[in-house]
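For reference, the structure discussed in these notes is given below.
The values are calculated or read from the model by the stated rules, or taken from the named source; none is laboratory data. In this text, all values refer to a predicted model and were calculated from it rather than measured experimentally. Cβ placement follows ideal geometry from the backbone for every residue including glycine, while neighbour counts extend to all protein chains displayed. The area values use the complete protein model at the heavy-atom level, side chains included, leaving out ligands, DNA and RNA. Shrake-Rupley method; radii C 1.70, N 1.55, O 1.52, S 1.80 Å.
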Amino acid sequence: MDAEEFRKHGKEMIDFIADHVEGIRQQPIVPNVKPGFLITKLPSRAPTEPESIEKITNDVEQLIIPGMTNWQHPNFHAYFPAGNSYPSILGELMESALGCIGFSWAAAPSCTELEIVVMDWLGKAIGLPEDFLHCSGKGGGVLQGSASESVLVSMLAARHRAFKTHRLSSSTRLVAYCSMLAHSCVEKAASLCNVRLRQLEPDADFGLSGETLRQAIEKDIHDNLIPFFVCATLGTTSICSFDNLPSISDALSSLKGMSETPLNIWLHVDSAYAGNAFICPEFQHLLLDGIEEVDSLEFNANKWLLTNFDCGCMWVRDRLHLEDCLSVDPLYLKHDHQHLTADFRNWGIPLSRRFRSLKLWFVIRRFGLTGLQKHIREQVRLAKKFTKLLQKDTRFEQIGKTRMGLVSFKLKGENELSERLLGVINNSGQLFMVPAKVKHNYVIRFCVCSTSTTNSDIERAWNVISYHADHVLADEIIEMTLCPGELSPADLATNSFLFPCKDNSRGDEHESVPDLIRSRSTVGQPFRRPFRRYSTSELSHRLLSRSLSSAACLQSLTPTGNAPHKTTQLRLDTILNALKKERPF
């Protein structure tokens, strides 16, 4: 491909991308495919001869796009946002064109220095103390692949420091700590570092408290173990709860002189999603209150700052701890200026590094801090709008608080109800959400993810959830009523009313409950499930096809001359309302 052909196809590709992004609302949220769908459509061997860009692009449209989960869809509410914007795409394009590998200053001077500048920009924007900035000469920021990588790097550095401080030859006595709601990457990092991990019970606000941490550390010290690392989470994955950073910092400060050898416990803050919001002054207290003991922190700009993956922003108070742990300096990587500037290969695990800062630089400059703040505030506002709709419906309960763009909730009652509800909603293709487990609660996570989500999308999403909740709860009422288990005949005679099984021997379409009891059970003996469960569609056909009113249905389903029990009336009205309700979306 020569330059002229690149110009032609490049313009076509930009048009293709723009059309795809602008038409995302018309795409399905989740593809209707099964594992192996693409493998069977592509050749088993690479092509021997070159193929045209037109053919490749056509295959993208016909084969790749139909198998994509559309994270940018306005009705995608799963996981967390996958940052995306036109400036970021242009930055990625430029990065690819420059084609550098930025493992050292000498290998790519602009790559290294732009990263220094951009990380200081962001550090100042979120209010970090000067110790965390490159301009201090002590700490600084670095772009990692993800928050998971940042957690691992910080734990490796803490482990290395602990080995030196306590003169260890083995990691078997080292203990790390986090909340039970911390991200699974903390557990993976502890496994890779071969250290023990204490996952501590969160408090009533679903955050780790300093007192809980202090008690755990004191016990481990008493047992001749060495606490060396704490991961505090600001914005948990399950419900976006916040560990109590001020009390955690106070606890660590008070424990410093507890043993003969200084503990010097490393405190890392994992704020992969919520940390982006710290560019808004109104959220900065969540980080800055308690930052005195923090050694490192991170957030993923590729989650909420309109920047494409990967772009994990990590800051460290003292960069020497990273360099001491991670530096490998063979002759072929040495250069004349290595003591005058940062070589970021010594701040992380990979040697080779992408020019990630370029797209972030594009985004910050094109939107400005005010534009990024506006984006975050708008998604927080939409989440609070959803919360208000949720709180008006007494069938639901919210788990945790709405602090950012995530709302976690469940149907009241057994976890199975919420699990069924989520399954029905996701299978409908109208929304896409994912679950989490919080203190034995199965919760549904609703996260505002797309930049194109509007007020009407939030209202529609709630209508979808409410509609399917009507049917799930109606099915639950039907199941409880038609399959009551071991109830006495007296209980059934007064409280059960919905469609017993047809008695083929008598030819009745349905019978009153007392008649069934007399014909199929001995008075005083347990009544063993003579009913069957009717699905919502079956019940809808039996009732609504005849346009029966609630009163008429009750008349047909209760003994002649007896008024229906109040509970019966409420239950049947609930079912009928659910079945008659037109889809509001």
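For Arg45, work out the one condition from (1) open to solvent by 80 Å² or more (accessible area, probe 1.4 Å); (2) of a type outside the set (Gly, Ala, Ser); (3) part of a helix (DSSP H, G or I) it doesn't fulfil.
Unmet for Arg45, out of (1) open to solvent by 80 Å² or more (accessible area, probe 1.4 Å); (2) of a type outside the set (Gly, Ala, Ser); (3) part of a helix (DSSP H, G or I): (3).
So which of Thr387, Thr394 ends up being at pLDDT below 95 and farther than 21 Å from Cys135 by Cβ? Walk me through it before giving the result.
Working: Thr387 fails: at pLDDT below 95.
Matching residue, one of Thr387, Thr394: Thr394.
For every residue, the table says whether it meets (1) at positive phi; (2) open to solvent by 50 Å² or more (accessible area, probe 1.4 Å); (3) small (Gly, Ala, Ser); (4) more than 23 Å from the chain's Cα centre (by Cα).
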position	(1), (2), (3), (4)
Ala162	no, no, yes, yes
Val175	no, no, no, yes
Leu181	no, no, no, no
Ser184	no, yes, yes, no
Cys193	no, no, no, yes
Leu197	no, no, no, no
Leu208	no, no, no, no
His222	no, yes, no, yes
Ile226	no, no, no, yes
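Check off (1) closer than 30 Å to Leu382 by Cβ; (2) modelled with pLDDT under 95 for Leu90 and give me the number that stays unchecked.
Condition not satisfied by Leu90: (2).
Return a yes/no flag: does segment 67-80 have any residue that is assigned to a helix (DSSP H, G or I), over 30 Å from Gly368 (Cα atoms) and modelled with pLDDT of 95 or more. Even if it seems obvious, please write down each step before you answer.
So the first thing to find is which residues in segment 67-80 are assigned to a helix (DSSP H, G or I), and the list is 67.
Cutting the leftovers down to over 30 Å from Gly368 (Cα atoms) gives us 67.
Filter again for modelled with pLDDT of 95 or more, leaving 67.
Yes, there is a match, as at least one residue in segment 67-80 is assigned to a helix (DSSP H, G or I), over 30 Å from Gly368 (Cα atoms) and modelled with pLDDT of 95 or more.
State which residue pairs qualify: first residue open to solvent by 70 Å² or more (accessible area, probe 1.4 Å) and inside segment 1-28, second residue β-branched (Val, Ile, Thr) in any location, beta carbons under 8 Å apart, and separation of 6 or more residues or different chains.
Once the first residue is open to solvent by 70 Å² or more (accessible area, probe 1.4 Å) and sits in segment 1-28, its partners that are β-branched (Val, Ile, Thr) give Met1/Ile53; Glu5/Ile53; Glu12/Thr57; Met13/Thr57.
Can you run down the residue pairs with Cβ atoms below 8 Å, 6 or more apart or on separate chains, where the first is in segment 46-69 and of a type in the set (S, T, N, Q) and the partner is open to solvent by 60 Å² or more (accessible area, probe 1.4 Å) and not in a helix (DSSP H, G or I)?
Listed pairs, sorted by first residue: Thr69/Val30.
Inside segment 100-141, can you point out the residues that are in a helix (DSSP H, G or I) and open to solvent by less than 10 Å² (accessible area, probe 1.4 Å)?
Within segment 100-141, the subset in a helix (DSSP H, G or I) is 109-125, 130-132, 134-136.
Within segment 100-141, Cys111, Thr112, Glu115, Val118, Met119, Leu122, Gly123, Phe132 qualify.
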